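Attaching a single structure in structure tokens format; questions to follow.
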Amino acid sequence: MGEPRNIENSAFKIETPLVLSEDEVQLWRVDLESIRSDEARWKEVLSPDEARRASRFHFAIDRQRFVAARALLRMILAGYLATGPKDVTFVYSKREKPSLGPACADRAITFNLSHSGGVALYAFARRRELGIDVEQIRGDFDVEAIARRFFSAHEQEQLAALPSPEKIEAFFRCWTRKEAYIKATGDGLSLSLTQFDVALGEGNTDALVATRPDSAEAKRWLLREVAAGTGYIAALCVRGQDWKLNDWSAVARSGPEAGPSGGERPSDRF
Ligand SMILES: CC(C)(COP(=O)(O)OP(=O)(O)OC[C@H]1O[C@@H](n2cnc3c(N)ncnc32)[C@H](O)[C@@H]1OP(=O)(O)O)[C@@H](O)C(=O)NCCC(=O)NCCS
């Protein structure tokens, strides 16, 4: 306890080592919007390939958010590994999912992160595959049309049955849950989005309701909604059913939740 799992400004301090038990998943939240302007500080801990990736962003705001998100990933992992942020190494799967490099792998820490708007969420566990997704809620697109493109028939039916004012949040619950599952498997979009169904209910803690063709797959994971702060919806998917969530919102709420920041470009994903 006492760790600043909700990082809202640059004055945080991560005590080393951070303790993470085998049956625990720890969730961190970082307000990227509040810390991104400290770019020079965050850049110091990046590897050369991360610095090169940062330099390719067209907009400064995207570069700063990437740099801050990656630096915080290194700093938190360094806390778990009792090492320095620059000493953390990564390897990438065929589909670009990062995991700890061989020099760090003995600690068996698994992680995943997601960013949207001004917020990043990070999930950490031991020896468990996991995926996390956060999305900033907005309504500047055709919900039904995007649902037809990405959601399974069952999910589209659930969405269509809802009254209009509830559709947008339900859409984002569906989207983040699907994304958290595909990120947990690491398969990205090579996994067909119509081969599994998620529940759309608010606060669901067991939301992977069906998988095809292997129906047993659904019970190998626990997919649940997690707190992301006002204006955001998020989901976490972790292998196994025998874990408990240690959530940033329960650990360290140091003030009012940060709302969505203004002046953002809409995502060009949809
Ligand atoms: C990475 C991916 C899986 C998710 O991307 P996204 O939602 O845009 O981005 P997020 O912020 O949630 O996650 C990005 C982070 O996930 C991690 N990541 C990258 N590839 C990953 C993969 N294949 N699996 C899991 N995590 C991955 C990285 O840490 C990345 O952070 P970085 O960009 O700072 O390095 C993306 O490649 C993808 O395939 N998205 C599918 C989009 C879609 O159509 N979804 C439909 C849902 S209904």
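Of everything in the range 55-96 that's buried (at least 19 other Cβ atoms within 10 Å of the Cβ) and small (Gly, Ala, Ser), which residue is farthest from Ser190 (Cα to Cα)?
This residue is Gly79.
Please go through the range 68-101 and pick out each residue that is assigned to a loop (DSSP other than H, G, I, E, B) and acidic (Asp, Glu).
Answer for the range 68-101, where residues must be assigned to a loop (DSSP other than H, G, I, E, B) and acidic (Asp, Glu): just Glu96.
Which pairs do you get when a residue that is farther than 16 Å from Lys86 by Cβ, found in the range 46-57, comes within reach of a residue that is of a type in the set (D, E, K, R), reach meaning Cβ atoms under 8 angstrom, with the pair 6+ apart or on two chains?
Ser55/Arg63; Phe57/Arg63
Mind listing whichever residues of the range 69-117 are within 10 Å of the ligand (Cβ to nearest atom), without any contact (Cβ under 8 Å) to a residue 40 or more places away in the chain and of a type outside the set (Phe, Trp, Tyr)?
Arg70, Lys94, Pro98, Ser99
With Ala228, Ala207, Ala234 as the choices, which residue is modelled with pLDDT of 95 or more and either out of contact with any strand residue (DSSP E or B) (no Cβ under 9 Å at 6 or more places or on another chain) or near the ligand (Cβ under 10 Å from one of its atoms) (or both)?
The unique qualifying residue is Ala234.
Does the range 59-67 include one or more residues that are within 14 Å of the ligand (Cβ to nearest atom) and not in a helix (DSSP H, G or I)?
no
Starting from the range 127-154, take each residue that is at positive phi and list its partners that are outside any strand (DSSP E or B) and surrounded by fewer than 16 Cβ atoms within 10 Å (Cβ to Cβ), counting only C-beta distances under 8 angstrom and pairs at least six apart or across chains.
Within 8 Å, the pairs are Arg127/Glu22; Arg127/Ala108.
The values are calculated or read from the model by the stated rules, or taken from the named source; none is laboratory data. Quick caveat, the model's predicted, so the values are computed rather than measured. We place every Cβ from the backbone using ideal geometry, glycine too, and count neighbours over all the protein chains shown.
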